[in-house]
Every structure is written in structure tokens, then in C-alpha cells.
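Q: One structure follows; several queries about it will come next.
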Amino acid sequence: MLLSTRNDIRLVEVSPLGVSKTNTIIIDNFTGIAAVDFIYADSSVFWTDIELKTIKRAWLNGSEDIRNVISTDLESPDGLATDWLGKKLYWVDSEKKRIEVSELDGRSRLVLFWYNLDMPRAIALDPQRGYMFWSDVGETPKIERAGMDGSGRLVLIYRDIFWPNGLTIDYEDSRIYWIDARLNYIGSCNYEGNEIFSYRKKKRILHPSALTFFNRTWFWTDWMTRSVHSLTEWSNFEVVFKSVHEPMDIHVYCGERQSKGLHEIPCNLNNGGCSHLCLLSPMSPYFKCACPTGVKMRDDNKTCADDVEEFLLVSTRRSIRMISLHTPDYSQLILPLKDLVHVIAIDYDPVESRIYWTDSESNSISTSHLNGTGQNVVIGSEIKDPDGMAVDWIGRNLYWTDTGYDTIQVSRLNGSFRTVLIDTGLDEPRVIRVDPLSGLMFWTDWGKNPKIERANMDGSSRIVLVESSLGWPNGLSIDREEKNIYWADAKKDKLEVATFDGRRRRENLYWTDWQWRHVSRINKQTQISSIIAEQIPDIMGVKAVNIRENTGTNECAMDNFGCSHLCLVRQHSFPRCACPNGFELDSEGKICLEEKATLFLTNGNGFNKMNLGVNSRRLISVPKETKNVLVFDIHIGENRIYWIDAADKNILRSFINDTVVEHVVKNGLDYPEDIALDWLSSNVYWTDLGTRRIEVVRCDGSSRKVLLWKNLGYVTTLTVDPNTGQLYVLDELDKSRAALDGSGRKILLQNLQRAYGLTIDYSDGRLYWANSGRCIESSDIEVRIANSLDINISGNNRTCVVEEDIGHPTSITMYGDNLVWIDWQKQTIEQAEKRTGCNRTVLQTGMGTMMDVFAHYSQKQLGQNACQYNNGGCSHLCLPLPSGDQSNTTHKCACPTHYILNEDNISCSAPSSYLLFSQKIQINRLVLPTNATQDEISDTIITTLPIVGLKSIRALSYDPVDRNIYVIDRKTKSINRFNDSEIQLFNYLCLICKHHSFIMVIYFFLNQSFLNILFLICLLYKIFQN
């Protein structure tokens, strides 16, 4: 006997008296095995697993490994049967309410029955006569019969039946037997449902699961007794096998149970002439050709179409399903795709037969063939919340909306040559559709003023089509023949239609309800609606596909219209060639060349960039999570941008082409004003008007040090020269310089009035700055070695480069031989030759309030210094010293504030004694010299410890043994612990719940990774108490 339990499958040898002799486990280490069957001719075993939701196959001789036969679109495969003559596999799924068939390897899967099924349980086949039988334990229990080709369905038993769990066949007498787990009996009838009789012994049949028959003996498994029982000649009852953990299915395993047919099997000769499935039938010619679910049969009734031609693609959060429109069952096939988290939009490319989808959780756009092969991410970076997406199957382009950055973007279908089409006037763009035949694209916007818009597919000629009486317009679809657009309004619960120009708007008073989880259809002429599919959890997008209808052509279809990268079609005009970010069109408007330079700028709310080439001046948004950008600098080698957030008083960084933001300095800033990068040493310098300091930190935020604080005015601008080791600053009236370690500070120029935008021309060795309302000035940098080894830099050859029509320049950047500046008062971006001020050009007007500007090009940040490699050998900070020093000292190792440089002049040690004191949200440290005078105390640096998350410090204390700092936070009602040397946060989280006369304190000791979860638990607990 072949016996399955939840955990294993075993062969049990039974004696002539019906008692177990041997017991051999052949398949184990599973937890959800249900039904089992076999093919005796090749020693293979099939079984279903209701936990893994698969059907598997193995060979008793161990000739091959275990294989997955069916691994998708299964829920509860409770019954299984093999057609050993026609070489087919049949199964029932009680959850999906279906009976299916496939080849033994899982190919050509077909749904035979999907209607009038409630909970199909057991299934049995008689391939010799072409019949199949199954039991149903649903609300109307019954046993049914049909041909194995799905023909001639007939209910055999429907009275005196409740839980017909087990079903088997006596092939010799053409009778079926079933066993009822509720009424506790074995029943029998012939193939027509007549000659019914039963064996009823309640004490012997308690809760049977499965039944098999051989040589006048019935065998069954029983869940209650955890045994296998037998009954011979209706009288001799035996316990065959005891102590079986969750016995499930059972079969007599021998060749006599799978004998040859009564006549020649037509499917064994050239597959009956069928292109796909050859199914046995009880009627002459005893077979029938069939096609996989959704595939159409040709007129010869033998050949199936190459693939599904008309179908729906339906997305749920974690799956994409295909529903064929060729077959009446509308069976859903879950596509074998991986790593789906929250699918939103889907579209289809009929040229390469690929699907595309957006995922709002992984922030990506992916593609795959329908069979799951070739799955890959197309767009996976610089994308925040992808929502709508559309395929241009002619131009081979991909369009999508990003509701996080409020943009519409386009790329090639493989994700290359990406560029932003529209980044203004969008509030919450959602669905997008394209019509490459007319050159138009349409999209919906869910913002404060909902609307539906239209533009050419290059983003030009943008107009609003519909903007009144809209709530949440989505589900946008295009009728290319009638030149209509259809949309669903999820807020107003209605479907509407309008022409391509937004006219003749009409309402259809029909809608779908997400609560019912179904897909509906409505005829656009008759307005007759019907439900296509029901009970689809987390239903999202839908796409109707007819692979033969998406035809047509346009100019982009022929050699991409000569465009080297993107060809974007337009209505009533020739296509426009477009370039990805970082490229620009040549003078012919066809070929994309790498941009010579890119201008980055900020208006305080975010970043924009503009090509400094001769052909394009369009501003493009740079996606970033920003609040109030004051100033910024760029590390070209790292491809990172660093900036000051004036709102949160932080210094942050991010890769230019990424959205992930990292903190460099998160606390201890008062009014940070300007920032400058030493791109060779990987250090960040900044000035703070509140603390009147200039500080430095590694680019990763480590080793923070105060450089200058004595006698320092309100420094508004600073810049660095990593090659010469110099730091230049502008305060209210003076221009000064110092070494990058803060030493040797000198006043270079005085009485500058209000000066802004200090920058260095590294190639000519000159400084440039702007005097508000006067001119943009320049002076030489002269380096002279004195006997004292001090380096004197004075401003010689001072001159006004640009004098006329100056408003209020606030920031200047160098671009080759040109100056580029932003004028706050005139709201312009301008450019002029750096030496003479000639060839002055206005690059952009109407810019509003701009804060900072930076010209990005490959030759800008060159050179070398001693800190460039291996951090100069320093353990913390490496600060380059001015070039030309006669001592040949090229750099200096430095320590974070309050740390002490050791005798090796390389490594640092923490201070041994200091004073800690708290303010509301920060803890400060002060190191006092021994026997310090009042002047020395006044000059002592106060530094803020890098501890974040504190809201309202009430008290602090210190443990000198383990060097832990303890803090009471009154607002979060917590006691926090920090290690003074490592500054790692641990929490004793105290949730104080006051209730009448007692206080409950719950203590948690946790790692920081669980902090958010514990806060949520505490919040829910507090809500419950309230």
C-alpha cells in the first residue's frame, strides 16, 4: 500500500490476513502532504502539498530528484489522480473550487470544471472506460461523474451523504466506493448511480480520510484512530497499521490496479493528432483534443493557437494574474513572478510579449515574460513612488508617473536613456496612458485640484482636458478607434468618458467596488455589465490585451527617426529626439552628446539641474528628500551632494542619482551658514553664525573638530583649496585665509561691504566674490614664503570683473573660463567670461529666490595632496597644510574636539576628565585645563555629543566605571543610557501608566533595531488604557 501522512509517504507491505509486515518511508521531511497517487509503469509517485501549495513527483528507484509539477495558482489541492494510460494528471482544489488536468510534467494545464463546485475533495479515474469521479463535501454534498475530457457531467449520489472524504473504484465490476466521515459508512453504486448499498459500523468507522480497494478488500485511513483499517468481504475487519501521525491518502500499489485498457489508447499514437492535450473519453473515438486554459482551439479541433490572444492582466498587491477572454470559465492564472511587494500599474508590450509593472513598496519598475522568464528591474533608482506606467510599443519607450517627486518620466523599455518630461504643475500624478498612433499621452492627477491632462508624448502642448466634478480619477483607458478616453472616479463611484479633446463628457452609472474584490465588464455601446472574476484579494490595476490589435506605426518605428537615444512622437508634427540626463542634442537635433557641464542649484525647497551646453536650458528636478536647503557643495569623485538643512539644522548628503539621504552632522548646530568640501581629503568644512565657529568633519560624519572660534565674526562664506591646503572665509567686512588645520589665520582684504559667494579659480589662482549692489570682484592669490615660515597670501590685482546691471548676486561658481552666478534680486542665472566679464549671457530668468549654485564638470576637482590616500596615515582627521612650507610638512593629523593627539602624532585618545551638562535636547561636553584662568575658561570649546532623539532632558548622571551616561527624558517618559566612548544607545523604556492610586512601570531592555516596534506597542497600550 502507498500511504501518505502529513509528514511523509511510505510503502506498507500487507500480509494476506490484512496485517502490516513492513513499513518503508520513501518521502519525508514535509509538513503538508495530502493526496497521493502513482504511475506503476515508471515507479513514480505524485503528491499534493497544501502548505507549499504544490504538486510534486518523485521516483521510487531514486533515478531522479523530486520535481515540482505544479507550483503556481494552487490553494488547497485536496485530491489527486493519475491517468496511467493517457499519461495525464488530474486534481481538485477545494479552495479555488476547480478540477484541473495537465500533462504529467505540468505542461498544458486546463481547468475542466469551475462551476457548481463547492468543496471538491476526492477524485478517482477509470482510464480504461474514460470516466472520472469526484466527491464534494460542500453545502450540497454529492458524488459526480464525467468523461475525462470534461463531457457528460452527471450527479450520481446526492442523498444520504455528508462528508464523502474517500473515493475509490472497483475496475472489474465497474463500481465506485466512497467512505463518509460524518455518517460513518462505506457506500457503493455502479457507474450510473444505481444499485446502491452500504456498510455501516459506527464503532469501526470513526473519521475516515481516504479509501482504496483491492481483491474484495477495502482499506481506509482514519484520523481519529490514527490507523489504517481493512474490511474483507464486508465482514472481516482488521487494523492494518497503528500509530500513524495524521494519516491522509492511501492506494494499493500494484500493477493489477493499473492494467492496460479495454481497447487501443488513441492518445498513445501521435498524441491522437492533438497539438497539446489528448484527453480520454467514454464516447467514440474515445479521446478529445483540448487546449490549455485560455488558449483557443483552431477550426480543425486538434490544433491550439500559439498562445492566449485576448486576456486581462490583473494586479494585486503581491501577484499579477492573467484571465483569458477566450474561455467561459475566466480562470485566473497567477504568473510565476518573484519579489512582488505592492504592485500598482501594469502594461503589456505586444512586440516582445512582455509585461511591465510598478511596485510602490520596492520603488521600482520591472518586466518579465508571461511565463516568468527574463524577469528584471528596469528602473530601480531615483524613483520614490511609481504609480502609473505605460508602454509605447512602437517607439519602444516606457512612460511613468512618480507621485513622490511629482514628475512624468520616460526611458527606453530597458530603462536606458532616462529623462524627465514634466516636473512642474503636477500635484499627485497617477495613471498614465499613451497613444503612439496619435502622438498623445494622457494622465490623471489626484491633487488638491483633481484633473485629467493631455500632452504630446514629448511633454509639449500640454492642456487640461477635465478639471470639474472630479474626485479621485483613476483607471484611465484609451479607445483609439473612437478617440475617447475612459476613467473611473473612485471617490464619486462612477465611470465616465470624454473625447480626446475633453468634450462630450458622459457618465455611465456603473462602478466596481473594491470591497467586493471583483473585476467587472461593461459594454461601451449597450452599457450591459457583467462580473468577470470574483474574490481577488487586494485588487489593484487591470489591463486588457489583444496581441493582434496593438499594431500601427509612426515615424519612430523606422530607425528610431534617426535619433541616437529617445524618439518621442508628437501629434500633427514630426517626432522630437530627446536625450537622457547628462546628455544634450547636437546642433542637428538628432544625436545626443555627453554634457560638457551641469549646473546644480537650489531654491531652498530642493535641487534642480540645468545643462550648460548651447542647446538646452531646461531646468530638471533632482529627486531628494529635502526641507530647507540653504547651501550645498558637490563631491564630484563620490558623485555625492552635501547640503545644509536650515530647518532641521543638519548637514546631509546623498548620491546625486539616488534618493537615500544620510546625516553627516545631526546635532550641535545653531545657525549653519555655508559649507565647503575638501574633495581630496574627504573632509567637510562649515561655518556657524550662532556659535561663531568654523568646524570640520570627515565626509562620513566622524571625527568632528572645531577649527576656528576665537575672535571670529559672522562668517557668511567659506571655500577651500585642497591642493594648497588653504581655507578662505568672508565675514561681514573682511576676507581672510587660514591653513586647513585652522592655523596661520591672516586678514587679506578689509572693508568689503557686504560680500557673498566666495569661490576659487584653481586654474588661474584667483579668488572671486560679489559685493552686493556693486560688482563681482576678483583678486590674485599670491603665496610668499617669509623667514618665519609663515605663508602670506595677499589680494593683489584686485578688480571688478562684472559691474553693470548688478542686483544682488548671492552665489558664484566657476565653469571653465566662465563665471556663473545667481542674482537674488533679478531672479536670474547669468554667465560671463571670468577674466573680462565679456560675453555676458542670461541663462534663465524668473527663477524666484535662488540660494546656491554649483557647476559640475569632470575637470573641476583635480589635483592631489598628502591626505588623499589612506587618510595620510591618520587615525581620525588628516588636514593638509599649505604647499611651499620649508619644513616639508605636508599634512597634520588631528583629533575630534577634546580628544588628545598621542605622541605618535597619528592616533588620538579620549579625554580623561571633563564636564557634562545638558540643554533641552542635547548633552554638551567641556574640557577644563588644570588651574585654568578665567580667560582660559572663556576660550574653552564646548562641543555637543552626537546623541539624537532626546526631546526634553530632565536630568543626567554618569557611571565612571563603564563610562555610561544616563539621561531622563521627560517628554518620552524614558531613561536612556549612552556609552561615552561608543555613543551607542540602549534603552530602559519606561511606560508609566497612571490609574487612580498606582503607577505601573513596564521596563524593556532592547536593542535599537527594535525601538520603533516597542514604541508602537507602548502607544497601543496607552491608547488601550485611555
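The values are calculated or read from the model by the stated rules, or taken from the named source; none is laboratory data. Note that the coordinates shown come from a computational prediction; the quantities given were computed from them, not determined experimentally. Positions of Cβ are backbone-derived with ideal geometry, glycine not excepted, and every protein chain shown enters the neighbour counts. Surface accessibility is based on the protein's heavy atoms, side chains included, excluding ligands, DNA and RNA. Shrake-Rupley method; radii C 1.70, N 1.55, O 1.52, S 1.80 Å.
Q: Kindly provide the set of residues from segment 483-494 that are modelled with pLDDT of 85 or more and open to solvent by 50 Å² or more (accessible area, probe 1.4 Å), ordered by number.
A: Correct list: Lys483, Tyr486.
Q: Any chance segment 113-124 includes a residue that's more than 43 Å from the chain's Cα centre (by Cα), touching a residue at least 24 places away in the same chain (Cβ under 8 Å) and under 27 Å from Leu262 (Cα atoms)?
A: yes
Q: Still on this structure: Let me confirm something: among Leu262, Leu269, which residue is open to solvent by 30 Å² or more (accessible area, probe 1.4 Å) and touching a residue at least 40 places away in the same chain (Cβ under 8 Å)?
A: Leu262
Q: Being within 19 Å of Ala855 (Cβ to Cβ), out of contact with any helix residue (DSSP H, G or I) (no Cβ under 8 Å at 6 or more places or on another chain) and modelled with pLDDT under 90, is that true of even one residue in segment 662-680?
A: Checking segment 662-680: not a single residue is within 19 Å of Ala855 (Cβ to Cβ), out of contact with any helix residue (DSSP H, G or I) (no Cβ under 8 Å at 6 or more places or on another chain) and modelled with pLDDT under 90.
Q: Might you let me know whether segment 623-638 holds any residue that is among the basic types (Lys, Arg) and farther than 24 Å from Asn608 by Cα?
A: No, every residue in segment 623-638 fails to be among the basic types (Lys, Arg) and farther than 24 Å from Asn608 by Cα.
Q: Going by the conditions given, is Ser654 surrounded by fewer than 22 Cβ atoms within 10 Å (Cβ to Cβ) and within 30 Å of Asn608 (Cβ to Cβ)?
A: For Ser654, the condition - surrounded by fewer than 22 Cβ atoms within 10 Å (Cβ to Cβ) and within 30 Å of Asn608 (Cβ to Cβ) - is met.
Q: Just one of (1) open to solvent by 10 Å² or more (accessible area, probe 1.4 Å); (2) under 53 Å from the mean Cα position of the chain (by Cα); (3) over 23 Å from Pro247 (Cα atoms) trips up Ile157, so point out which.
A: Of the numbered conditions (1) open to solvent by 10 Å² or more (accessible area, probe 1.4 Å); (2) under 53 Å from the mean Cα position of the chain (by Cα); (3) over 23 Å from Pro247 (Cα atoms), the odd one out for Ile157 is (1).
Q: Picking from Ser284, Ser227, Ser243, which residue would you name as being without any contact (Cβ under 8 Å) to a residue 24 or more places away in the chain, open to solvent by 30 Å² or more (accessible area, probe 1.4 Å) and closer than 26 Å to Ala81 by Cβ?
A: Result: Ser284 is the single residue among Ser284, Ser227, Ser243 that is without any contact (Cβ under 8 Å) to a residue 24 or more places away in the chain, open to solvent by 30 Å² or more (accessible area, probe 1.4 Å) and closer than 26 Å to Ala81 by Cβ.
Q: Across segment 849-889, what is the number of residues that are under 30 Å from Gly757 (Cβ atoms), part of a loop (DSSP other than H, G, I, E, B) and β-branched (Val, Ile, Thr)?
A: Matching residues across segment 849-889 total 1.
Q: Just checking, how many residues over segment 126-141 are assigned to a strand (DSSP E or B) and either over 47 Å from the mean Cα position of the chain (by Cα) or of a type in the set (Asp, Glu) (or both)?
A: 3
Q: Say whether the condition of being in a strand (DSSP E or B), touching a residue at least 24 places away in the same chain (Cβ under 8 Å), surrounded by fewer than 22 Cβ atoms within 10 Å (Cβ to Cβ) and among the hydrophobic types (A, V, I, L, M, F, W, C) is met by at least one residue in segment 15-25.
A: At the first step, the residues of segment 15-25 found to be in a strand (DSSP E or B) are 20-25.
In the following step, the residues that additionally are touching a residue at least 24 places away in the same chain (Cβ under 8 Å) were identified as 20, 23.
Of the ones still in play, those that are also surrounded by fewer than 22 Cβ atoms within 10 Å (Cβ to Cβ) are 20, 23.
If we keep only those that are among the hydrophobic types (A, V, I, L, M, F, W, C) too, we end up with none.
No, segment 15-25 has no match at all.
Q: Right, Ser4: hydroxyl-bearing (Ser, Thr, Tyr) and open to solvent by 10 Å² or more (accessible area, probe 1.4 Å) or not?
A: no
Q: Let me ask another. Residues Asp126, Asp136: which one is touching a Lys or Arg at 6+ places or on another chain (Cβ under 6 Å), among the acidic types (Asp, Glu) and open to solvent by less than 20 Å² (accessible area, probe 1.4 Å)?
A: Numbers: Asp126 fails: touching a Lys or Arg at 6+ places or on another chain (Cβ under 6 Å).
So the residue among Asp126, Asp136 that is touching a Lys or Arg at 6+ places or on another chain (Cβ under 6 Å), among the acidic types (Asp, Glu) and open to solvent by less than 20 Å² (accessible area, probe 1.4 Å) is Asp136.
Q: Next question, about the same structure. Do the conditions hold for Gly846, that is, is it open to solvent by 20 Å² or more (accessible area, probe 1.4 Å), over 17 Å from Val631 (Cα atoms) and not charged (D, E, K, R)? Lay out the reasoning, then the answer.
A: Numbers: open to solvent by 20 Å² or more (accessible area, probe 1.4 Å): yes; over 17 Å from Val631 (Cα atoms): yes; not charged (D, E, K, R): yes.
So Gly846 passes the test.
Q: Next question. Out of all the residues in segment 62-71, is one or more of a type outside the set (A, V, I, L, M), assigned to a strand (DSSP E or B), under 37 Å from the mean Cα position of the chain (by Cα) and at pLDDT 90 or above?
A: Yes: segment 62-71 contains one or more residues that are of a type outside the set (A, V, I, L, M), assigned to a strand (DSSP E or B), under 37 Å from the mean Cα position of the chain (by Cα) and at pLDDT 90 or above.
Q: Out of everything in segment 571-594 that is assigned to a loop (DSSP other than H, G, I, E, B), open to solvent by less than 60 Å² (accessible area, probe 1.4 Å) and over 25 Å from Asp406 (Cα atoms), what residue ends up being modelled with the lowest pLDDT?
A: In this case the residue turns out to be Asp586.
Q: I need the full set of residues from segment 195-210 which are over 24 Å from Ser174 (Cα atoms) and open to solvent by 50 Å² or more (accessible area, probe 1.4 Å), in order please.
A: Lys201, Lys202, Lys203, Arg204, Leu206, listed by residue number.
Q: Please specify each residue of segment 70-103 satisfying the condition of being open to solvent by 10 Å² or more (accessible area, probe 1.4 Å) and under 26 Å from Pro266 (Cβ atoms).
A: Trp84, Leu85, Lys87, Glu103
Q: Next question, about the same structure. Within segment 856-889, how many residues are of a type in the set (Ser, Thr, Tyr) and modelled with pLDDT of 90 or more?
A: The qualifying residues number 2.
Q: Further question on the same structure: Does Ser102 satisfy the criteria of being touching a Leu at 6+ places or on another chain (Cβ under 7 Å), on the phi > 0 side of the Ramachandran plot and of a type outside the set (Phe, Trp, Tyr)?
A: So Ser102 does not fit the description; no.
Q: What's the total number of residues in segment 33-59 that are open to solvent by 60 Å² or more (accessible area, probe 1.4 Å) and either under 21 Å from Leu117 (Cα atoms) or in contact with a strand residue (DSSP E or B) (Cβ under 6 Å, 6 or more places away or on another chain) (or both)?
A: Of all residues in segment 33-59, those open to solvent by 60 Å² or more (accessible area, probe 1.4 Å) come to 40-41, 51-53.
Next, only the ones that are either under 21 Å from Leu117 (Cα atoms) or in contact with a strand residue (DSSP E or B) (Cβ under 6 Å, 6 or more places away or on another chain) (or both) stay: 53.
Of the residues in that region, 1 qualify.
Q: Would you check which residues across segment 381-408 are within 18 Å of Pro580 (Cα to Cα) and touching a helix residue (DSSP H, G or I) at 6+ places or on another chain (Cβ under 9 Å) and list them?
A: Answer for segment 381-408, where residues must be within 18 Å of Pro580 (Cα to Cα) and touching a helix residue (DSSP H, G or I) at 6+ places or on another chain (Cβ under 9 Å): Asp392, Gly395, Arg396, Asn397.
Q: Would you call Lys142 of a type outside the set (Asp, Glu) and under 23 Å from Asn268 (Cα atoms)?
A: Answer is no for this residue.
Q: Further, regarding this structure: Between a residue in segment 315-332 that is at positive phi and any residue that is open to solvent by less than 20 Å² (accessible area, probe 1.4 Å), which pairs come within a Cβ distance under 8 Å, given they are 6 or more apart or on different chains?
A: Tyr330/Ile323; Tyr330/Ser324; Tyr330/Ile532; Tyr330/Ala533
Q: Among the residues of segment 337-348, are any modelled with pLDDT of 95 or more, open to solvent by less than 30 Å² (accessible area, probe 1.4 Å) and among the hydroxyl-bearing types (Ser, Thr, Tyr)?
A: Scanning segment 337-348 turns up no residue that is modelled with pLDDT of 95 or more, open to solvent by less than 30 Å² (accessible area, probe 1.4 Å) and among the hydroxyl-bearing types (Ser, Thr, Tyr).
Q: Could you list, in sequence order, all residues of segment 245-276 that are more than 18 Å from Leu125 (Cα to Cα), touching a strand residue (DSSP E or B) at 6+ places or on another chain (Cβ under 6 Å) and part of a loop (DSSP other than H, G, I, E, B)?
A: His245, Glu246, Cys274, Ser275, His276
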